[in-house]
Structures are given as C-alpha cells and as structure tokens.
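Novice: Structure incoming, see below.
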Amino acid sequence: MFRSLHMKLVIILILLIVSVMAIMGTFLVNSVGSYYLNDFETQIENVMTENNYETYRSLEQAAQENDAPERIMEILSAFVGRLGIDSYRTYAVLDGNGTFLTGDNGALASELTRTPNILTAVGGEVGAANTTIDSYMDYAIPLGKDDDGEPKYIVYFFDDKRETRDLSWNFFGIVVKAMTFGLLVAVLLSFLLSKTITTPIENIRTRAQMVAAGDFSHRLDIQSNDEIGELTATFNHMADRLHDTLEEIQGERDKLGTIFLHMTDGVTAFNAEGKLIHMNPTAENLLGATFQEDAHFNDVFEGIDAPTPIAAGEQGFVQMELERMGRTLSVLFAPYGENERGIIAVIHDITEQRKLDEARREFIANVSHELRTPLTNVKSYTETLIDAAGELPTDTEVKFLSVIAGETDRMTRIVKDLLTLSKLDCGKMDLHFHRFSMQHMVESVYNAMVLEAGNNGLELTLNIQGKMPDMNGDRERLEQVVINILSNAVKYTPSGGHIVLSAARRDEGHVMIRVKDDGMGIPKDDIPRLFERFYRVDKARSRAKGGSGLGLAIAKEMVEAHRGTIYLESQLDEGTTVTVVLPTNLPADQDGMV
C-alpha cells in the first residue's frame, strides 16, 4: 500500500504539514515563556534600578532609617501596579544575608530559599539571572551598605510562573487542536494534491502496460501544460513512434520470413554455441534433415568443423562442396553478429550445374573428336595425293577424292547441326508457322525415304489412320525431324528389316507421328540419354554409319519449339519406337524467332 507514489506523496505532505505546525507550536510556547521573562525583568528594572533615579534614591534613603524594612515596603507598595504584583508574583525585604524580614505574602517566609540571584545580591550585585526553563523567576536588588561595605537590605521579587505555565498550556492546547484540524486538512489536501500528480502518472503507467502488451489503440488526454502534460505528450509521441517502428520491423520480418521460407537456396543459422536456431524448408530438403530445437552444427553438417572468423579470413566466409543424398551442394559459411555471434550457412544445389559442366566438357570433347576424325582423314588423303602427285592410278585418286568429299560433307553436317542447336539454345532459330496438311507432309517424307530404305534392304511402310487434320507449324523443320528419326531407323535396322511410318489424330487438337522398326534395339540404361547431344549407344558403330549424335537432340528441340513432345521406347534386339505428339492449334501467324 505504502509503495504507491500516491501514498508516498500523501505521507510526505502530512509529515511536512505536521512538522511545520509542531515547530510553530513549539516556537509559540517558547515565545510565551520568553515574553513573560522579559516582561518581568523590564517591569522591575524600570522601577528599581538606577534608571529610575527618584525611586532608587528613595529606597536607598529608606534603607538608612531605623524602620527601614517598613519604609521600603511602604515605597514598594506604591509601585505594585507597575511591578505587576499579583497572586503569582510577590515581593519581600531581606536582610543583608538574605534572611526574610517582611513581605506582601507571609507564605514566602517559609518557602524562601537562597537562590543564585539572592546570593548575587548578598555579594553586593543585582541578581537578575533567569532562564525560560526555570520553574520560577526572581530578582534581588541590594540596598544600602554597612560599615564593611556589605548590603544592609535586599529587595526581592519572586514569580512562581503559574500564569506563564497556564498560558503555555492554553497555547499548547490551541496548538494541539490546530494540529489536529491541520492534520485533517493536510490529509484531505494531500490526497487531492497528490491525485492531481499521480493520476496522470497512473494513466501513463496503465498506457505503458497496454503498449508493452501490444495495444496501441488508446491515447492519453493532455490535461495540463506543465511538466506532467509535456510528459503525457512525449509518451503519446513515443508510443506512436514505437507502433510505427514495430510495424516496420514486423513488415521486414514478414518479408524476410517469406523470402527465407520460399527461397530456392537452403539457409541454416547457428548461435555461438553451435546450436541450430533457423532452418528453412529448402535446407531441410537438401540436407535430408528436419529442424530440431536441440540440434547442433555437427548434427546438421556431420564431419565438418564449424568455421571460425579466423578461418573466414579477409573474404569473411568459407565455401566448400558436400555430397548429400546423391546431390552436390555448395555451402557458404559466414560468421554474423557482433554481440550475439553465430554462423549462417547458405546451401545451393549445384547438382545440375555439375551435370551441365560435365555435359559441356563432354560436348566439347565430342565436337573435337567428331571434327578431328574427318579432318585427320582429309589431311592424310590430301597429303598422300600431294606427295604422290601423278604417280597414283586414276581410280585411286578418284577414291581418295571421294573419301575427302565424304569427310567434308560429314564435317559440314556436324557444323550445320551445331549451328542449329546453337540457334535453338540462344532463341534465334527462325520458325515460320503456316497452315499445312499433315497428311501431305508425312507422305512427302515417306516418298523421300522409301528409296533409301530400299537401297539398304529394308521395307518402309506408310500407315495413315483416318483423315489427318491440318496444323500450324514450320513444315520444313518438322519434315527434318521425321527424316532424322527415319534416318536413324534405316541406319540401325539390319538388312531385311521392316520400318513403319504411321500418323494419326491422337485427340482433339493433337496429332501423332510414329516411327517403328524391328532393328537391333537399345539397351534400357541408354534410353534416358538418347536425346543428349553426341550421345551414342555404340560410338564406333554410329560413327561408321555417319551418325554425329546430334539428330535426336535437334529433333527434341524442334518438337518442343512446336510445344510438342517426343519419347522413345525400345527393347534390345527387338526394335525401337519413336513417337512425336504435336498440337494442331498453334497461331497461324506465329512467325519469328523461337
């Protein structure tokens, strides 16, 4: 209860008012005593000392007479009013030794004691030493002198301070009543005054608790222009700024959280103790791990020591490659933070990149090999013709020149196919889409290849099922696709074999072209790679038959450029079937680069 600011202010104000009133009461009571003491001394001094020459001389003369005590009493009785003589204050005449002789109150004779002031007067000096703390006031004045110079009589005034005490108690009672009333007023005023101070502070505290709980919907009313009002306005401004800042932070956090959740790279974060604190779904998928509260660095990256800032060096990171679940992963480790340090790991799946690099290296090697073989043959035969010019038989020269021409044609085909693939890769292949008859195109291909098939001892059959629809596309490119497929069938089907070229409407909006042979077939493991560039099942046999390994790759690119699909089925020693499915509803005016 007493810990609240309101009660503390109330208690402070009450103590302050009570203290002030107590000090004032004490001062008033002491002032009454001081006033009466000063008044007592002043009244006596004004009558009895040498300042009042006539009275003092009369007393001195009376002291020399035989009936001195009576004469002195007679003179003093004339100044009773001025001396303040009453029931509380009496006077008497003492002899030179301080013994009572006579007085206005006989009771003083029995109660008289030799006070310090009487002793001072016995010594010939006026005794007027009094304090407010004494229980009485007295005044002793020596009169006359004997032959030894000692005082003959002493005029003695005595006040028992009852009047002073009565008045002091009255004052004290008044002070107590005033303090009681003042205390009640102080309590009331302190409550009211403290409320004016603590109520705005209580409102600020309540509002601060609401802000701490995330409620920014309420504002404080500014009810004054003083420091409390300024504090209220400042708090409102602070709450608004805090709200805006928290919204910005939350927006950034949501943005980063969305990026972190959906980014294609895996991200993990560890604190300074190596404890896992973040892992996005991509990282879980790439590493084959799930986020666990108690997981550590070595649990996620088994067999790898956590990089240190020293190991990161000037680059500020450490990069390495890992093999996980058949994937090649590039992991970049970097320290973060100044106060709360840790390590963040960014994981990138470079499996396809490594495959692409391998395919690129293999492609370059294949191109080099494919060109080197005919170039070697051309060079060899050319050098032979040059060295034996005029010495070789004519038929031998013709044979050599035929070989050179054949190898040159082979290199031309390879370069042409490479240029075609390059254009397709770069999106610079010109495809001219026109409306044409699919049936006429298939028949045209059949007529172009039937003679070649016959020359190789093969039977080529055309099977068109129903009426073929017209379609939009680049007829020349599609003819080349079908010719490439048929050429492969002719090359790899032994003499006496049978090849079927069929075409049909597959469904509404699609046509199907299929080439089926009963040749040597393809091993199952090689089928997925047949559409790769320069890939051959039997490289020696393919090269002997003049194949470059680019025909099916070009066919696949052309078909996909027409938004179609191509797939291959084969059984070893039983034959191969290649199927092409094409849409017929492509826009007729779609001319240009693909």
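Only the coordinates and a few stated rules stand behind these numbers; no lab work does. These numbers come from a predicted model, not from an experiment. Note that each Cβ is placed from the backbone with ideal geometry, even for glycine, and that neighbours are counted across all protein chains shown.
Novice: Rounded, prolate or oblate: which fits the stretch 13-80, taking a ≥ b ≥ c as square roots of the Cα gyration tensor eigenvalues, rounded meaning a/c under 1.5, else prolate when a/b beats b/c? Write down the numbers at each step before the final one.
Specialist: Numbers: a/c = 6.83, a/b = 4.44, b/c = 1.54.
Prolate shape, in that a/c is at least 1.5 and a/b is the bigger ratio.
Novice: Still on this model: Which of GLY509, PHE400, LEU28 sits closest to the plus end of the dipole of the chain, meaning its Cα is farthest towards the positive end, when Lys and Arg get +1 and Asp and Glu get -1 on the C-beta?
Specialist: PHE400
Novice: Sticking with this structure for a sec: For Cα pairs less than 8 Å apart in space and 6+ apart in sequence, what is the mean separation divided by the residue count of the stretch 430-593, i.e. the relative contact order in percent?
Specialist: Working: 330 pairs, mean separation 45.8, N = 164.
Relative contact order comes out at 28 percent.
Novice: In straight Cα distance, which aspartates and glutamates are under 20 Å from LYS275, not counting same-chain residues fewer than 8 positions off?
Specialist: The reachable aspartates and glutamates, counting only those whose Cα sits under 20 Å from LYS275, are GLU284, GLU293, ASP294, ASP299, GLU302, ASP305, GLU338, GLU340.
Novice: Shifting gears a bit: In whole Hz and in residue order, list the ³J(HN,Hα) couplings for the stretch 478-491 that follow from phi through the Karplus curve 6.51 cos²θ - 1.76 cosθ + 1.60, θ = phi - 60°; x for Gly and Pro.
Specialist: 3J(HN,Hα) across the stretch 478-491, in whole Hz: 5, 4, 5, 4, 5, 4, 4, 5, 5, 4, 4, 4, 5, 5.
Novice: Taking +1 at the Cβ of each Lys and Arg and -1 at the Cβ of each Asp and Glu, which of PRO69, THR113, GLY519 sits farthest along the dipole of the chain towards its positive end, judged by Cα position relative to the Cα centre?
Specialist: The residue sitting farthest along the positive end of the dipole is GLY519.
Novice: Please report the antiparallel percentage of the DSSP beta bridges confined to the chain, to the nearest 5.
Specialist: Details: 74 of 81 bridges.
Close to 90 percent.
Novice: Nearest 20 debye, what's the magnitude of the dipole of the stretch 141-278 about its Cα centre given +1 on Lys and Arg Cβ and -1 on Asp and Glu Cβ?
Specialist: Numbers: 14 positive and 22 negative charges, 92 e Å.
Dipole of the stretch 141-278, to the nearest 20 debye: 440 debye.
Novice: Taking the Cα centroid of the stretch 365-407 and of the stretch 83-128, what is the distance between the two, rounded to the nearest whole Å?
Specialist: What the calculation gives is 166 Å, centre to centre.
Novice: Give me the net charge of THR196's neighbourhood, meaning all other residues with Cβ under 13 Å from the Cβ of THR196; Lys, Arg count +1, Asp, Glu -1.
Specialist: The answer is -2.
Novice: If N is the number of residues in the chain, what value comes out of its Cα radius of gyration divided by 2.2 N^0.38 Å? All intermediate terms of the calculation are to be shown ahead of the outcome.
Specialist: Details: Rg = 64.5 Å, N = 594, 2.2 N^0.38 = 24.9 Å.
Cα Rg divided by the expected 2.2 N^0.38 Å: 2.59.
Novice: Counting other beta carbons within 10 Å of each Cβ, put ASP147, ASP517, ASP430 in order, fewest first. Walk me through the numbers on the way to the answer.
Specialist: On the way: ASP147 5, ASP517 28, ASP430 11.
Exposure proxy ranking, most exposed first: ASP147, ASP430, ASP517.
Novice: What number, in percent, do you get for the relative contact order of the chain if the mean sequence gap of Cα pairs under 8 Å and at least 6 apart is divided by its residue count? Don't skip to the answer; put the middle values down first.
Specialist: Values: 847 pairs, mean separation 46.0, N = 594.
Rounded, it is 8 percent for the chain.
Novice: From zero outward in steps of 5 Å, how is the percent of C-alpha pairs of the stretch 433-508 spread across the bins?
Specialist: P(r) for the stretch 433-508, in whole percents per bin: 3, 16, 26, 23, 17, 10, 5, 1.
Novice: Going by alpha carbons, how many degrees (0 to 90, nearest 10) lie between the helix axis of 394-426 and the longest principal axis of the chain?
Specialist: So the inclination is approximately 30 degrees.
Novice: Next up: Excluding ILE154 itself, calculate the net charge of residues whose Cβ lies under 14 Å from the Cβ of ILE154, where each Lys or Arg counts +1 and each Asp or Glu counts -1. Walk me through the numbers before you get to the answer.
Specialist: On the way: positive: ARG114, LYS145, LYS152; negative: GLU60, ASP95, GLU125, ASP138, ASP146, GLU150.
Neighbour charge sum, excluding ILE154 itself: -3.
Novice: Still on this structure: Which net charge results when you count Lys and Arg as +1 and Asp and Glu as -1 among the other residues whose beta-carbon is under 12 Å from that of ASN170?
Specialist: Values: positive: ARG165, LYS177; negative: GLU163, ASP166.
That works out to 0.
Novice: Please compute the Kirkwood hydrodynamic radius over the stretch 363-424, one decimal place, Å, based on all pairs of different Cα atoms. Write out the running numbers ahead of the final one.
Specialist: Values: mean 1/r = 0.0780 Å⁻¹.
Final number for the Kirkwood radius of the stretch 363-424 is 12.8 Å.
Novice: Enumerate by residue number the GluC sites (Glu not before Pro) in the stretch 466-520 meeting two conditions: DSSP loop (anything except H, G, I, E, B), and at most 13 other Cβ atoms within 10 Å of the site's Cβ.
Specialist: Answer by residue number: GLU508.
Novice: Something else now. Report, in debye and to the nearest 20, how large the dipole of the chain comes out about its Cα centre when Lys and Arg carry +1 and Asp and Glu carry -1 on their Cβ.
Specialist: On the way: 55 positive and 88 negative charges, 792 e Å.
For this selection, approximately 3800 debye.
Novice: Please state, as a whole number in µm²/s, the translational diffusion coefficient that the Stokes-Einstein equation yields for the stretch 218-284 at 37 °C and 0.692 mPa s, with Rh defined as the Kirkwood radius across alpha carbon pairs.
Specialist: Details: Rh = 15.4 Å.
For the chosen part, D equals 213 µm²/s.
Novice: Where does each of 169-182, 127-140 land if you order them by average Cβ count within 10 Å, highest first? Present the calculation step by step, with values, prior to reporting the outcome.
Specialist: Details: 169-182: 13.8, 127-140: 17.3.
Ranking the peptides 169-182, 127-140 by packing returns 127-140, 169-182.
Novice: Could I ask something else about it? For the residue pair LYS524 and VAL403, what label-to-label distance in nm results when each label sits 7 Å from Cα along the Cα-to-beta-carbon direction?
Specialist: Each label point lies 7 Å from its Cα, and together they span 4.3 nm.
Novice: Moving on. Which one, GLY123, LEU193, ILE174, projects farthest toward the positive side of the charge dipole computed for the stretch 120-199 from Cβ point charges (K/R +1, D/E -1)?
Specialist: LEU193
Novice: Does the stretch 430-593 come out rounded, prolate or oblate, given a ≥ b ≥ c as the square roots of the eigenvalues of its C-alpha gyration tensor, rounded meaning a/c under 1.5 and, failing that, prolate meaning a/b above b/c? Display every interim value, and only then the final one.
Specialist: Numbers: a/c = 1.87, a/b = 1.47, b/c = 1.28.
Note, shape of the stretch 430-593 comes out prolate.
Novice: Next up: Treating the beta-carbon of each Lys and Arg as +1 and of each Asp and Glu as -1, no other charges, what is the dipole magnitude of the stretch 41-182 about its Cα centre, to the nearest 20 debye?
Specialist: On the way: 11 positive and 24 negative charges, 142 e Å.
Its charge dipole is roughly 680 debye.
Novice: Could you pull out the pairs from LYS8/LYS195; LYS379/LYS491; LYS355/LYS491 whose alpha carbons sit more than 20 Å apart here?
Specialist: Numbers: LYS8/LYS195 11 Å; LYS379/LYS491 27 Å; LYS355/LYS491 30 Å.
Violating the 20 Å limit, Cα to Cα: LYS379/LYS491; LYS355/LYS491.
Novice: So what's the gap between the Cα centers of the stretch 245-294 and the stretch 466-537, to the nearest angstrom?
Specialist: 49 Å
Novice: Once you keep just the Cα pairs under 8 angstrom separated by 6 or more residues, what percentage relative contact order results for the stretch 6-167?
Specialist: Working: 214 pairs, mean separation 34.2, N = 162.
Worked out over the stretch 6-167, it gives 21 percent.
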